[in-house]
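Trainee: Dumping the structure here so I can ask a few things about it.
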Amino acid sequence: MNRYEELLGEAAAEGISIDENYPFSGKTCGLYVDNNIALSSSLNTTEEKACVLAEELGHHHTSIGNIVDLTSSGNRKQERQARVWAYNKQIGLEGLIRAYEHRCTDRHETARYLEVTEEFLQEALDYYCGKYGTGTIADGYYIMFIPNLMIGKIDFSL
């Protein structure tokens, strides 16, 4: 089962219905309204669908009210919270470590392993860099975000 199918299952378990081929006009790729998620018919890959579905599930878990008007700072904040929820759901520091352990050597391999788009991965890395700075320690690994994504196991036996 791929990540997209897992997310569909999670949505179903929470009573959320999904329309996987909604004919949005413009750049809209997904929308969450009252336990219903619409995904754009223009999404071509399961990775694209998984990234958008994760964000819309993020809205289910973090957003309140109608936040379509992004001129409101409160709405923009809720939009970001849903996006961060998606980054943590689809990637997280643990996902970066799993990709390293799986011997992924670059962003392309990492995105493929995590079943996300390279753009989504880069946005998540930018967010983590903003949150943690140049790097952080998690589960016995050092994760460096700048100048490039680098991960290494910390040897505490020294």
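Values quoted throughout were computed directly from the atomic coordinates according to the rules given, and no laboratory measurement underlies them. None of these values were measured; they are calculated from a predicted model. Neighbour counts run over all protein chains shown; Cβ positions are idealised from the backbone, glycine included.
Trainee: Which shape class applies to segment 40-96: rounded if a/c is under 1.5, otherwise prolate when a/b exceeds b/c and oblate if not, where a ≥ b ≥ c are the square roots of the Cα gyration tensor eigenvalues?
Mentor: Oblate.
Trainee: For the chain, the longest stretch holding no trypsin sites (Lys or Arg not before Pro) located in a DSSP loop with at most 11 other Cβ atoms within 10 Å is which?
Mentor: 28-102
Trainee: At 0.36 nm per residue, minus the direct Cα-Cα distance, what do Asn148 and Thr28 gain on full extension? Give it in nm, one decimal, please.
Mentor: Full-extension gain reported as 40.1 nm.
Trainee: I've got another one for you. Between segment 30-56 and segment 76-131, what's the alpha-carbon centroid distance in Å?
Mentor: Centre-to-centre distance over Cα atoms comes out at 17 Å.
Trainee: Do the sum for the chain: with -39,500 (n - 2.57) for every DSSP H run of n ≥ 4, divided by all residues, what is the mean residue ellipticity at 222 nm, to the nearest 500 deg cm²/dmol?
Mentor: Using -39500 (n - 2.57) per qualifying helix, the result is -16000 deg cm²/dmol.
Trainee: Over the chain, with a single point scatterer placed on each C-alpha, what log10 of the ratio I(q)/I(0) does the Debye formula yield at q = 0.19 1/Å?
Mentor: -1.20
Trainee: Skipping prolines and chain starts, which residues have an amide H placed within reach, meaning under 5 Å, of the one on Gly135, given they are 5 or more residues away or on another chain?
Mentor: Under 5 Å from the amide H of Gly135: Phe145.
Trainee: Please list 115-127, 5-17 highest first by mean number of surrounding beta-carbon atoms within 10 Å per residue.
Mentor: 115-127, 5-17
Trainee: How many nm separate the modelled label positions at Asp126 and Asn35, each set 7 Å beyond the Cα in the direction of the Cβ?
Mentor: 3.6
Trainee: Below 8 Å, C-alpha to C-alpha, sequence gap of six or more: please give me the relative contact order for segment 4-46 in percent.
Mentor: 37
Trainee: Something else now. Explain nothing, just the number: relative contact order of segment 45-112, from Cα pairs under 8 Å at least 6 residues apart, as a whole percent.
Mentor: 31
Trainee: Which number comes out as Rg/Rh for segment 80-158 once both Rg and the Kirkwood Rh are worked out on C-alpha atoms?
Mentor: With Rg and the Kirkwood Rh in hand, the quotient comes to 0.96.
Trainee: With 10 angstrom as the radius, rank Phe24, Phe156 by how many other C-beta atoms surround their C-beta, starting from the fewest.
Mentor: Ascending number of Cβ neighbours within 10 Å: Phe156, Phe24.
Trainee: Remind me, relative contact order of the chain in percent, using alpha carbon pairs under 8 angstrom and six or more residues apart?
Mentor: Averaging sequence separation for qualifying contacts and normalising by length gives 15 percent for the chain.
Trainee: Express in % the proportion of alpha carbon pairs of segment 112-158 at distances exceeding 15 Å.
Mentor: Of the Cα pairs, 51 percent sit more than 15 Å apart.
Trainee: If each of Ile64 and Glu14 carries a label point 7 Å out from its Cα toward its Cβ, how far apart are those two points in nm?
Mentor: The modelled label-to-label distance comes out at 1.7 nm.
Trainee: Could you check the spin-label model distance between Glu119 and Asn2? Points 7 Å from the Cα along Cα→Cβ, value in nm.
Mentor: Distance between label points: 1.7 nm.
Trainee: Please list 32-45, 135-148, 50-63 highest first by mean number of surrounding beta-carbon atoms within 10 Å per residue.
Mentor: Highest to lowest by the protection proxy: 50-63, 32-45, 135-148.
Trainee: Give the Rg/Rh ratio for segment 5-54, taking Rg as the radius of gyration of the Cα atoms and Rh as the Kirkwood radius, to two decimals.
Mentor: Rounded to two decimals, Rg/Rh equals 0.94.
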